[in-house]
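Below is one structure, written out as structure tokens, with a few remarks after it.
Nothing in this text is a laboratory measurement; each read-out follows from the coordinates by a stated rule. Note that the coordinates shown come from a computational prediction; the quantities given were computed from them, not determined experimentally. Ideal geometry is used to build each Cβ from the backbone, glycine not excepted, and the neighbour counts take in all protein chains shown.
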Amino acid sequence: MKFGVITFPGSNCDQDMIYVLGTIMGYEVVSLWHKDTDLQGVDCVVLPGGFSYGDYLRSGAIAKMSPIMGSVIEFANKGGYVLGVCNGFQILTESRLLPGALRYNDSHKFICKNVFIKPVSKTAGITADLDHSRGYKIPIAHGEGNYYCSAETLTELKANDQILFRYATESGDITEAENPNGAIEKIAGICNAEKNVFGMMPHPERAADAELSNQDGLELFKSMINHMVVA
């Protein structure tokens, strides 16, 4: 299993992702630069969190025009696996690899804290092996994490089992009080209809090390990898 982690100007979670996938989990990981076009034969591309291009215009709006994104889009459209976390999720929606958009938090404040997210999809690889009755403690750190989509798109997401996570309590109760950013139906992550492109606002790579006393995020990576079908 070989992963490629992209670094854009302004990325700040790329090394965290490389550390978790490579050092903790033991997989081969290569660093991909935003000006690259060669994905180096990876099985999964990861778009990490941060503030690509300073989040000018809209978060992810400039990054989608990076040379590497043409290769990522082609890779995804051919069935390659792609994971976008936080800013990476924003880039995936801007690139139309995932539907909807990430808007400013309804508080208009940057939020950095631990939250709990409850797995929803039973058929997406990243959630398939998780306990769907409880919340997983995963940190968030964003100013534009308010997921929004049209009513038509929301209906499709539900019909195709594309909602990955909703904000919830530790015990798995989904309530408005647990919604940190105003996201429609408390959505914290989605995937595409083919279930090879995943996007989420919380940071599983920040909850994947015993030294941090939280390995909930590691369970997400394990589930995704267990269900990846690669040549």
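In the range 89-133, which residues are of a type in the set (Lys, Arg) and either under 14 Å from the mean Cα position of the chain (by Cα) or buried (at least 23 other Cβ atoms within 10 Å of the Cβ) (or both)?
Correct list: Lys118 only.
Going through the range 58-80 one residue at a time, which ones are among the charged types (D, E, K, R), farther than 21 Å from Val30 by Cβ and outside any helix (DSSP H, G or I)?
Passing the criteria: only Arg58.
Give the residue, chosen from Asp161, Asp131, that is closer than 19 Å to Ser223 by Cβ, touching a helix residue (DSSP H, G or I) at 6+ places or on another chain (Cβ under 9 Å) and part of a loop (DSSP other than H, G, I, E, B).
Among Asp161, Asp131, only Asp131 is closer than 19 Å to Ser223 by Cβ, touching a helix residue (DSSP H, G or I) at 6+ places or on another chain (Cβ under 9 Å) and part of a loop (DSSP other than H, G, I, E, B).
Could you say whether any residue in the range 13-28 is within 17 Å of the chain's Cα centre (by Cα) and part of a loop (DSSP other than H, G, I, E, B)?
Yes, that holds for at least one residue.
Does the range 45-57 contain at least one residue that is part of a loop (DSSP other than H, G, I, E, B), touching a His at 6+ places or on another chain (Cβ under 7 Å) and farther than 18 Å from Val197 by Cα?
Checked against the condition, which is being part of a loop (DSSP other than H, G, I, E, B), touching a His at 6+ places or on another chain (Cβ under 7 Å) and farther than 18 Å from Val197 by Cα, the range 45-57 yields no hits at all.
Scan the range 64-85 and tell me whether some residue there is basic (Lys, Arg), free of Cβ contacts under 8 Å to residues at least 12 places away in the same chain and more than 22 Å from Glu144 (Cα to Cα).
Yes: the range 64-85 contains one or more residues that are basic (Lys, Arg), free of Cβ contacts under 8 Å to residues at least 12 places away in the same chain and more than 22 Å from Glu144 (Cα to Cα).
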